[in-house]
1. Of the residues that make up segment 124-131, is at least one touching a helix residue (DSSP H, G or I) at 6+ places or on another chain (Cβ under 8 Å) and among the small types (G, A, S)?
2. Looking for something more than 12 Å from the chain's Cα centre (by Cα), outside any helix (DSSP H, G or I) and under 20 Å from V19 (Cβ atoms) - is there at least one such residue anywhere in segment 84-96?
3. Determine whether I14 is at pLDDT 80 or above, within 18 Å of N81 (Cα to Cα), surrounded by 10 or more Cβ atoms within 10 Å (Cβ to Cβ) and not small (G, A, S).
4. Could you go through segment 95-103 and let me know if any residue there is aromatic (F, W, Y) and open to solvent by 50 Å² or more (accessible area, probe 1.4 Å).
5. Of the numbered conditions (1) touching a residue at least 12 places away in the same chain (Cβ under 8 Å); (2) in a helix (DSSP H, G or I), I69 satisfies every one except a single condition; which is it?
6. Which of the residues belonging to segment 56-99 are at pLDDT below 85 and of a type in the set (S, T, N, Q)?
7. Is it fair to say K5 is basic (K, R) and modelled with pLDDT under 85?
Amino acid sequence: MEIQKEEKKGEVFIFSSAVLWALFPVFVALSYAGVSGLTSFAWSSLLATIFFLGVVIYKNSWNEIKNKIFWKYIFFITVFNAFLYYTFYYISLEYTSPGNIALLAQTEILTSFLFFHVFKKDNITKEHMLGISFMLVGSIIVLSRNFTQFNIGDILILLAVFAAPIGNHFQ
């Protein structure tokens, strides 16, 4: 019973994350009116660093920095989730529309699902398979309208969503 409750909580978090991330490219695109993509990336990274520094100070978890295993994991998380994901994401906004990015970024759920359930051999329920199938078909339908060729922005955001589950593996 407790496992089902935790699974439901996880599904609520994933749905909430999907809604918030759908708005992210719009905010970033609006920031592009005044600054370049990499400048926007730098400022958002600085603000995130300040926020998480505040969390470390609030929780008084400085002693975790001394743990050598911690640094191995944080290195891979940083490379895949903080550097590769956001570098691809912000640069892609210079080459494709925020709508395409919002839609393609939602396929991170699909790539995470594939990584953890197929490659890592976790259990797959029929409901999850149905949901993933709808997500994939919906993305293909929306993106195939007026499709003439892949542009570099779409490819970059796809690279970003494939980098994220690899970084999440180290969390």
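1. Going residue by residue through segment 124-131, those that are touching a helix residue (DSSP H, G or I) at 6+ places or on another chain (Cβ under 8 Å) are 124, 128.
If we keep only those that are among the small types (G, A, S) too, we end up with none.
Checked against the condition, which is being touching a helix residue (DSSP H, G or I) at 6+ places or on another chain (Cβ under 8 Å) and among the small types (G, A, S), segment 124-131 yields no hits at all.
2. yes
3. On the way: at pLDDT 80 or above: yes; within 18 Å of N81 (Cα to Cα): yes; surrounded by 10 or more Cβ atoms within 10 Å (Cβ to Cβ): yes; not small (G, A, S): yes.
Spelling it out, I14 is indeed at pLDDT 80 or above, within 18 Å of N81 (Cα to Cα), surrounded by 10 or more Cβ atoms within 10 Å (Cβ to Cβ) and not small (G, A, S).
4. Of all residues in segment 95-103, those aromatic (F, W, Y) come to 95.
Still in the running and open to solvent by 50 Å² or more (accessible area, probe 1.4 Å): 95.
Yes - at least one qualifying residue is present in segment 95-103.
5. (1)
6. Listed by number, the residues that qualify are S61, N63, N67, T96, S97.
7. Details: basic (K, R): yes; modelled with pLDDT under 85: yes.
Criteria met by K5.
Here is a yes/no grid of residues against (1) open to solvent by 100 Å² or more (accessible area, probe 1.4 Å); (2) of a type in the set (S, T, N, Q); (3) in contact with a helix residue (DSSP H, G or I) (Cβ under 7 Å, 6 or more places away or on another chain):
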| position | (1), (2), (3) |
| --- | --- |
| A22 | no, no, yes |
| T39 | no, yes, no |
| S44 | no, yes, no |
| N60 | yes, yes, no |
| N63 | yes, yes, no |
| Y73 | no, no, no |
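The values are calculated or read from the model by the stated rules, or taken from the named source; none is laboratory data. Predicted model only: the values in this text are computed from it and were never measured. Here the Cβ is made from the backbone with ideal geometry for all residues, glycine too, and neighbour counts use every protein chain on show. The area values use the complete protein model at the heavy-atom level, side chains included, leaving out ligands, DNA and RNA. Shrake-Rupley method; radii C 1.70, N 1.55, O 1.52, S 1.80 Å.
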